[in-house]
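Participant: Just passing along the structure, written as structure tokens.
The values are calculated or read from the model by the stated rules, or taken from the named source; none is laboratory data. Remember, it's a predicted structure, so these values are computed and weren't measured experimentally. Note: ideal-geometry Cβ built from the backbone for every residue, glycine included; neighbour counts use all protein chains shown. Accessible surface is based on the protein model in full, side chains and every heavy atom, while ligands, DNA and RNA are left aside. Shrake-Rupley method; radii C 1.70, N 1.55, O 1.52, S 1.80 Å.
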Amino acid sequence: INPGWPATLGPLHTRAGAVTLRPVRLRDARSWSELRIRNQNTLLPWEPTGAGTWAERHHPSAWPPLYSVLRSEAKRGTVLPFVIEVDGDYTGQLTVGNIQRGAVRSAWIGYWVDAGHVGQGIATAAVALGVDHCFGPVGLHRLDATVQPANAASQAVLTKVGFRREGLLERYMDVNRSWRDHILFALTSEEVVGSAAATLVRSGRASFH
Ligand code: ACO
């Protein structure tokens, strides 16, 4: 019921190393918890408001229930929950969510990268791999991404991969305890010439080997 899942994608080589995407695992608890807690200050301004403190929400014991929701949603075909690895190390996550079939065939894409590894093209490579997978084996036609106006780094990532700005979603999401405006970015499959990964390679931002 979920074409294109499970899958391991890449590698795409960046200044940081080899970027790959692979499905989340139950044994990611410790890496997930450590990175999420260490990155509280850079993640909190952009992430949906959750219940409890950041430390409680990201305790290693919070991973198994989250993992099992992601796993069952992935089995049902509504989510693709990937870990971003750089040279085999857990460095962030990329999630494709709200996968809709039928006449729409769309989903949203979201991501985060460890603050110790930003600015080296990791997110851009990960999004390109995710886009090619969604428009290829998964069979989608459109990807949406919503970003707060102040999140310049994330907008730069989307623009580099070819996403277009479609409009402003006012008071769209409850983030860090307020209803925040978000810019809607989108990409449809016919806008990708060849593949998103090949476009990055041609522009000198990544390489296949
Ligand atoms: N102003 C303008 N551009 C900026 C800024 C800034 N303040 N900071 C960084 N950039 C640019 C960089 O120069 C780079 O572009 P360039 O290659 O043209 O120079 C780009 O932003 C970043 O590209 P990458 O290196 O591929 O991305 P990175 O691996 O650094 O990850 C990310 C970016 C994911 C936004 C990371 O900073 C992060 O995890 N932030 C916190 C969580 C977050 O914001 N996630 C995205 C939420 S929105 C969504 O998921 C759709």
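Participant: Take residue 88 and tell me if it is surrounded by fewer than 15 Cβ atoms within 10 Å (Cβ to Cβ), modelled with pLDDT of 95 or more and touching a Lys or Arg at 6+ places or on another chain (Cβ under 9 Å).
Facilitator: Spelling it out, it is not the case that residue 88 is surrounded by fewer than 15 Cβ atoms within 10 Å (Cβ to Cβ), modelled with pLDDT of 95 or more and touching a Lys or Arg at 6+ places or on another chain (Cβ under 9 Å).
Participant: Scan the stretch 107-119 and report the pairs whose first residue is under 15 Å from residue 129 (Cα atoms) and whose second residue is more than 7 Å from the ligand (Cβ to nearest atom) and of a type in the set (Lys, Arg), with Cβ atoms within less than 7 Å and a gap of 6+ or a chain change.
Facilitator: Note: no pairs meet the criteria.
Participant: Moving on to the next point. Is one or more of the residues making up the stretch 182-189 open to solvent by 30 Å² or more (accessible area, probe 1.4 Å) and closer than 15 Å to residue 47 by Cα?
Facilitator: No: the stretch 182-189 contains no residue that is open to solvent by 30 Å² or more (accessible area, probe 1.4 Å) and closer than 15 Å to residue 47 by Cα.
Participant: Right, another one. Within the stretch 141-154, count every residue that is open to solvent by 40 Å² or more (accessible area, probe 1.4 Å) and either farther than 27 Å from residue 105 by Cβ or in a helix (DSSP H, G or I) (or both).
Facilitator: 4
Participant: Do the conditions hold for residue 52, that is, is it more than 9 Å from the ligand (Cβ to nearest atom) and either open to solvent by 30 Å² or more (accessible area, probe 1.4 Å) or assigned to a helix (DSSP H, G or I) (or both)?
Facilitator: Values: more than 9 Å from the ligand (Cβ to nearest atom): yes; either open to solvent by 30 Å² or more (accessible area, probe 1.4 Å) or assigned to a helix (DSSP H, G or I) (or both): yes.
Taking the combined requirement at face value, the residue satisfies it.
Participant: Within the stretch 110-140, can you find the residues that are over 15 Å from residue 158 (Cα atoms), open to solvent by less than 40 Å² (accessible area, probe 1.4 Å) and either assigned to a strand (DSSP E or B) or near the ligand (Cβ under 8 Å from one of its atoms) (or both)?
Facilitator: Across the stretch 110-140, the qualifying residue is only 114.
Participant: Please name all residue pairs, on different chains or six or more residues apart, with Cβ atoms under 7 Å, provided the first residue is in the stretch 55-75 and is surrounded by 16 or more Cβ atoms within 10 Å (Cβ to Cβ) and the second residue is in a helix (DSSP H, G or I) and not basic (Lys, Arg).
Facilitator: Listed pairs, sorted by first residue: 58/33; 58/37; 63/28; 63/29; 63/32; 63/33; 67/26.
Participant: Taking only pairs six or more apart or across chains, which ones have beta-carbon atoms under 9 Å, a first residue in the stretch 17-45 that is over 27 Å from residue 207 (Cβ atoms) and among the charged types (D, E, K, R), and a second residue that is within 16 Å of the ligand (Cβ to nearest atom) and open to solvent by 40 Å² or more (accessible area, probe 1.4 Å)?
Facilitator: Hits for this filter: 36/57; 38/115; 38/116.
Participant: Please verify whether the stretch 192-205 includes one or more residues that are over 17 Å from the mean Cα position of the chain (by Cα), within 9 Å of the ligand (Cβ to nearest atom) and not in a strand (DSSP E or B).
Facilitator: Scanning the stretch 192-205 turns up at least one residue that is over 17 Å from the mean Cα position of the chain (by Cα), within 9 Å of the ligand (Cβ to nearest atom) and not in a strand (DSSP E or B).
Participant: Right, something else. Say whether the condition of being assigned to a loop (DSSP other than H, G, I, E, B), modelled with pLDDT of 95 or more and within 26 Å of residue 179 (Cα to Cα) is met by at least one residue in the stretch 63-70.
Facilitator: Looking for residues that are assigned to a loop (DSSP other than H, G, I, E, B), modelled with pLDDT of 95 or more and within 26 Å of residue 179 (Cα to Cα), one finds none in the stretch 63-70, hence no.
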